[in-house]
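Here the structure is laid out as structure tokens; the discussion comes afterwards.
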Amino acid sequence: MNNILELHHLKKYYATQKAVDDISFEIKKGSIFGLLGPNGAGKTTLLRMITGIFFPDDGEVIFDGKKFDPLNDAVKIGYMPEERGLYKKMKIGEQVLYLAQLKGLSKSEALEKIKFWFKRLEMETWWNKKVEDLSKGMSQKLQFVTTVLHEPRLIILDEPFSGLDPVNANLIKDEIYGLSQRGSTIIFSTHRMEQVEEICDHIVLVNLGKKILDGTVSDIKQQFKKNKFRVSLKEVPANIHFDGFELLEQQANTFTVKIKEGFRSNDLIRFFLNQDITIEAFNEILPSLNDIFIELVEGTTSVSRKFQAVH
Amino acid sequence: MNKILLVARREFLSRVQKKTFLLTTILLPLLIFVFYALIIYFSVKSGDNLHIAVADEANILDGNIHSKEDMNFELVKNQTAESLNTALENKKYDGYIFIPSTYELMGKDSLQLKSNKAIGIMTREKIQKSFNDILEEKRLLALHISKAQLDSIQNNANRIKFATVSGKTDDDNKAGVSYIVGYISGFLIYIILFIYGSMVMRGVMEEKVSRIAEVIISSVKPFQLMMGKITGIGAVGLVQFIIWIVLVFGLQLLLPLIFPDLLNQMHGQPIQPAGIQAAQAIKDNGGMTEIMRSFSQINFPLIIGCFIFYFLGGYLLYSSLFAAVGSAVNEDPQDAQSLMLPITMPIIFAIVIMTKAVNEPNSGLAVFGSLFPLTSPIVMMARIAHGIPDGVSLWELILSIVLLIAGFIATTWLAAKIYRTGILMYGKKPTWKEMWKWAVRKS
């Protein structure tokens with residue numbers, strides 16, 4: 001079984017709305033997966049069903065090839081919710097130990113792992129301090145440790161970088177990469193598209209309880225590309241009109257063009273080469289996930305296309 | 001089960017290891033003891049030595065009058081009301097009683113004590129008692145009743161002895177001690193329910209406010225979290241309670257040792273807190289041995305056993321309700337107060353019923369109160385103190401136990417349903433109707 005998680009036609013309806021309305025997708029083992037969507041899209045409800053906090057009204061969750069068993073699979077999942085918190089007055093070392101034991105680790109196993117992570121993230125001096133003594137960034141770091149301590153197969157992070165300064169955000173990001181390399185699968189839920197682009201392999205976009213995008217980052221960008229290119233030339237050519245493209249923008253020697261149907265990038269390059277103009281830079285402008293997100297989610301009610309990953 | 005124990009252990013340790021735990025557990029009984037002792041001390045040793053002049057124009061006192069400890073009666077002669085007033089103003093005396101020559105010993109007239117300053121209630125009582133004792137003696141003598149005859153009339157030994165149908169003697173001491181024991185245990189359970197019930201509620205609210213609820217719920221079921229909290233806090237309560245009982249009992253017994261002449265002084269004191277009443281009973285009835293004997297007539301193993309059962313049962317019942325309330329509330333502690341009200345009403349009601357039940361353990365109200373699970377922990381203790389079958393019949397006791405068990409199973413089930421939804425819900429405070437819907441919705 002290649003998939004750590006499979007969701008089949010999950011549904012969760014509340015009295016006032018359909019929070020999750022027939023969502024299905026798969027997550028491969030070892031991938032870094034992005035779950036995106038605007039506020040109120042149903043992401044948190046979806047995540048709570050994956051972690052066993054909520055039970056779906058319909059559909060099923062398959063975890064590691066078997067039907068999801070909230071009690072026994074809890075130890076294989078690590079969950080850092082968006083609304084974060086820890087017991088303020090409890091000592092840090094004790095608290096991490098307590099949470100690890102709740103996950104099913106024995107005391108000795110837990111202590112070993114705590115020592116490892118504390119050393120790794122330079123938290124050794126924190127053992128006897130209370131959570132209320134920590135700054136926000138420090139407590140985020142701490143909560144991250146409690147989430148990954150028991151080496152779960154599936155790690156779910158809901159807005160993990162919110163409130164973190166760039167240094168700490170980077171630290172967490174590196175840890176995420178490391179965990180992924182060591183075989184854990186990571187689900188990332190966020191609105192921060194630049195991070196998604198940077199980190200995720202595969203994404204799913206949900207809105208109004210439905211899935212509207214499902215594919216790898218590059219595939220999706222390809223799907224939404226508008227054939228826009230940017231060319232930087234050494235000098236302004238005499239002739240900049242060409243049937244094959246539409247000039248969108250010009251800034252000094254840099255041209256943003258849209259290549260029309262039936263023409264290729266090579267045609268554009270050849271056009272300038274024929275005029276013996278030195279081409280300094282040439283690249284495709286792929287849409288950012290941010291742009292795609294806005295395009296899909298704005299004017300939302302009419303949009304419910306389902307896209308399959310193009311391989 | 002294991003997870004419930006894990007949670008319970010954390011709840012227990014996190015409270016027991018705090019300094020406040022030691023402080024309240026040990027300091028509080030100490031403070032109460034000191035407070036108590038001070039009250040007794042002041043009530044007994046009140047007032048300065050009063051110097052009261054008695055002008056006996058009717059000569060009913062025959063020239064002698066004995067003074068009591070802090071009351072100095074002095075017979076004066078050949079004084080008029082005016083001269084006594086002057087003497088009063090000159091602070092020669094603290095007050096005077098003028099017995100006019102027209103005063104008749106057997107008459108209905110009252111005497112007047114004129115004083116410099118206002119005399120407090122305690123002192124007044126003392127004066128009344130002292131002077132009236134003197135007058136009484138004189139009157140009896142005037143009727144030709146000697147002191148010895150007087151004593152034989154007042155012999156306590158001729159009092160009616162009570163016994164119940166079952167043949168066991170139901171002596172006054174037992175009734176008195178039952179009263180006290182019943183009252184105290186009922187009250188104790190009342191206090192416990194309030195203190196520990198609200199501790200549970202605050203613990204639940206802490207998890208919501210600190211937002212850790214979701215993290216924990218991803219590892220354990222809400223029911224396990226709730227039961228762990230209830231169990232852990234219950235254990236704290238048990239430990240704290242045992243320490244309190246030991247301390248308070250030990251200290252109370254020390255009272256007569258510290259104030260040995262207390263008992264002598266206490267005869268005639270109008271205001272008598274329970275401890276003094278007990279000490280009075282000791283004096284009246286031949287000392288500690290008598291008390292011990294009547295204590296032994298009370299079925300202590302039964303009472304202690306029942307106390308533990310009702311303490312636990314009542315705690316389980318109410319703490320689950322408190323947990324449910326705590327889970328529905330958000331950051332605003334005032335929401336908590338208003339939701340708490342309907343839960344605390346039955347407890348207060350139970351105390352009211354209990355005050356009747358200590359005196360009339362077999363009245364209809366007492367029977368009802370001891371069977372209804374919401375009030376039985378408190379009311380039944382009052383009945384049990386009178387023993388079986390005097391205070392409560394065996395089948396009633398068994399029925400009450402069964403109903404209480406059913407009661408706390410029902411409230412735990414109900415609370416678990418409300419808890420599991422409420423604990424993750426932030427936002428506006430839910431109405432009772434909404435909470436009920438959570439309870440009956442299938443999970």
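Bear in mind these aren't lab numbers, they're just calculated from the coordinates by the rules spelled out. These numbers were taken from a predicted model, which means no experiment stands behind them. A quick note on method: Cβ atoms are made from the backbone with ideal geometry, for glycine too, and the neighbour counts reach across all protein chains shown.
Grab the beta carbon distance between B:Lys129 and B:Thr86, set R0 = 41 Å, and tell me the FRET efficiency rounded to 0.05. Before the final figure, lay out each step's value.
Working: r = 29 Å, r/R0 = 0.71.
Once rounded, the FRET efficiency stands at 0.90.
If I build a Gaussian network model for chain A, linking alpha-carbon pairs within less than 10 angstrom, which residue out of A:Ala281, A:Ala19, A:Ala169 has the largest mean-square fluctuation?
Result for chain A, Cα springs under 10 Å: A:Ala281 fluctuates most.
Computed FRET efficiency, Cβ-Cβ of B:Ile351 and A:Gln223, R0 60 Å: what is it to the nearest 0.05?
0.25
Looking at region A:71-124, which GluC sites (Glu not before Pro) are DSSP coil and have at most 16 other C-beta atoms within 10 Å of their C-beta?
A:Glu82, A:Glu83, A:Glu122
I'd like the distance separating the alpha-carbon centroids of region A:131-204 and region A:263-286, in whole Å.
Region A:131-204 and region A:263-286 have Cα centres separated by 41 Å.
Please give the length that would be gained between B:Ala406 and B:Glu57 if that part of the chain were fully extended, namely 0.36 nm times their separation in residues minus their C-alpha to C-alpha distance (nm, one decimal). Could you put the intermediate results ahead of the total?
Numbers: separation 349, 0.36 × 349 = 125.64 nm, distance 7.67 nm.
Gain in length upon complete extension: 118.0 nm.
Between A:Asp69 and B:Ala118, with labels modelled 7 Å along Cα→Cβ, what's the label distance in nm to one decimal, could you check?
8.0 nm
Using only atoms on other chains, find how many Cβ atoms lie within 10 Å of each Cβ of peptide A:88-97 and report the average. Could the numbers behind the result be given before it?
Values: counts 4, 4, 5, 2, 0, 0, 4, 3, 0, 1.
Average neighbour count from other chains, rounded to a whole number: 2.
Using only alpha carbon positions, build the gyration tensor of the protein assembly as shown, then give the equivalent ellipsoid semi-axes as the square roots of 5 times its eigenvalues, largest first, whole angstrom. Could you put the intermediate results ahead of the total?
Values: eigenvalues 1476, 176, 96 Å².
Working from the Cα gyration tensor, I get semi-axes of 86, 30, 22 Å.
Enumerate the residues in region A:112-152 having an amide nitrogen under 17 Å from the point lying 7 Å beyond the Cα of A:Lys89 toward its Cβ.
Residues A:129-134 qualify, since their backbone N sits under 17 Å from the label point.
Rounded if a/c is under 1.5, else prolate if a/b beats b/c, else oblate: with a ≥ b ≥ c from the C-alpha gyration tensor eigenvalues square-rooted, which is region A:85-131? Could you put the intermediate results ahead of the total?
Details: a/c = 2.15, a/b = 1.10, b/c = 1.96.
Oblate is the answer for region A:85-131, as a/c is 1.5 or above yet b/c matches or exceeds a/b.
Please list the non-local residues whose amide H lies under 5 Å from the amide H of A:Phe54, H modeled 1.01 Å from N, same-chain partners needing a gap of 5 or more.
A:Met49
What ratio of Cα Rg to 2.2 N^0.38 Å holds for region B:326-414? The partial results should precede the final answer.
On the way: Rg = 15.4 Å, N = 89, 2.2 N^0.38 = 12.1 Å.
Against the compact-globule rule of thumb, the ratio is 1.27.
Enumerate the calculated ³J(HN,Hα) couplings along region B:209-219 in order (Karplus 6.51 cos²θ - 1.76 cosθ + 1.60, θ = phi - 60°), each rounded to whole Hz, writing x wherever the residue is Gly or Pro.
5, 7, 6, 8, 3, 5, 4, 5, 5, 6, 10
Ordered by residue, what ³J(HN,Hα) values in Hz, to whole numbers, does region B:89-102 give under the Karplus form 6.51 cos²θ - 1.76 cosθ + 1.60, where θ = phi - 60° and Gly and Pro are x?
With coefficients 6.51, -1.76 and 1.60, one gets 4, 7, 6, 6, 10, 8, x, 9, 10, 9, 9, x, 5, 7 Hz.
Which one, A:Thr216, A:Thr278, A:Pro237, is farthest towards the positive end of the dipole of region A:206-294 when Lys and Arg carry +1 and Asp and Glu -1 on their Cβ?
Value computed over the given set: A:Thr216.
Taking R0 as 51 Å, what's the FRET efficiency between A:His241 and A:Phe55 from their Cβ-Cβ distance, rounded to 0.05?
Numbers: r = 63 Å, r/R0 = 1.24.
The computed FRET efficiency comes out at 0.20.
Could you estimate the translational diffusion coefficient of chain A from the Stokes-Einstein equation, with Rh from the Kirkwood formula over C-alpha pairs, at 10 °C and 1.306 mPa s, in whole µm²/s? Mind showing how you got there, number by number?
Details: Rh = 22.1 Å.
Translational diffusion coefficient: 72 µm²/s.
Report the far tail of the P(r) of region B:49-148, meaning the percent of Cα-Cα pairs longer than 22 Å. Mind dumping the intermediate values first?
Working: 1390 of 4950 pairs.
That fraction is 28 percent.
Label region A:33-88 by shape, choosing from rounded, prolate and oblate, from the square roots a ≥ b ≥ c of the eigenvalues of the Cα gyration tensor; if a/c is under 1.5 it is rounded, and otherwise prolate applies when a/b is larger than b/c, oblate when it is not.
Here region A:33-88 falls in the oblate category.
May I ask which of A:Lys76/A:Lys113; A:Lys234/A:Lys258; A:Lys11/B:Lys208; A:Lys66/A:Lys173; A:Lys103/A:Lys141; A:Lys43/B:Lys229 have a Cα-Cα span longer than 23 Å here?
Working: A:Lys76/A:Lys113 15 Å; A:Lys234/A:Lys258 20 Å; A:Lys11/B:Lys208 27 Å; A:Lys66/A:Lys173 30 Å; A:Lys103/A:Lys141 19 Å; A:Lys43/B:Lys229 30 Å.
Long pairs (Cα-Cα over 23 Å): A:Lys11/B:Lys208; A:Lys66/A:Lys173; A:Lys43/B:Lys229.
Provide B:Val379, B:Val246, A:Val217, B:Val215 in ascending order of the number of other Cβ atoms located within 10 Å of each residue's Cβ, fewest first. Kindly include the intermediate steps, with their values, before the conclusion.
Numbers: B:Val379 34, B:Val246 11, A:Val217 18, B:Val215 24.
Listed from fewest to most nearby Cβ atoms, that is B:Val246, A:Val217, B:Val215, B:Val379.
Using the Karplus curve 6.51 cos²θ - 1.76 cosθ + 1.60 with θ = phi - 60°, what ³J(HN,Hα) values do you get for each residue of region A:114-119, in whole Hz, with x for Gly and Pro?
5, 4, 4, 5, 5, 5
Tell me, B:Met227, B:Met106, B:Met435 in order of fewest to most beta-carbon neighbours within 10 Å? Present the calculation step by step, with values, prior to reporting the outcome.
Values: B:Met227 24, B:Met106 9, B:Met435 20.
Sorted ascending by nearby Cβ count, the order is B:Met106, B:Met435, B:Met227.
Could you work out the relative contact order of region B:49-148? I mean the mean sequence separation of Cα pairs under 8 Å and 6+ apart, divided by the number of residues, in percent. It would help to have the intermediate numbers written out before the result.
Details: 120 pairs, mean separation 28.6, N = 100.
It comes to 29 percent, rounded to a whole number.
In region B:1-39, which residues have a backbone nitrogen under 16 Å from the label point lying 7 Å from B:Trp413's Cα in the Cα-to-Cβ direction?
Answer for region B:1-39: none.
Give the long-range amide H neighbours of B:Glu74: residues separated by 5 or more places, or on another chain, with amide H under 5 Å away, using H modelled in the peptide plane at 1.01 Å from N.
Here the answer is B:Ile52, B:Ala53, B:Val54, since their amide H atoms fall under 5 Å of that of B:Glu74.
Please state the shape class of region A:53-128: rounded when a/c is under 1.5, otherwise prolate if a/b exceeds b/c and oblate if not, all from the C-alpha gyration tensor. Don't jump to the answer; show the numbers that get you there.
Numbers: a/c = 2.68, a/b = 1.94, b/c = 1.38.
It comes out prolate by the Cα gyration axes.
Could you line up A:Ile269, B:Ile127 from fewest to most neighbouring Cβ atoms inside 10 Å? Before the final figure, lay out each step's value.
Values: A:Ile269 14, B:Ile127 21.
By the 10 Å Cβ count, ascending, the order reads A:Ile269, B:Ile127.
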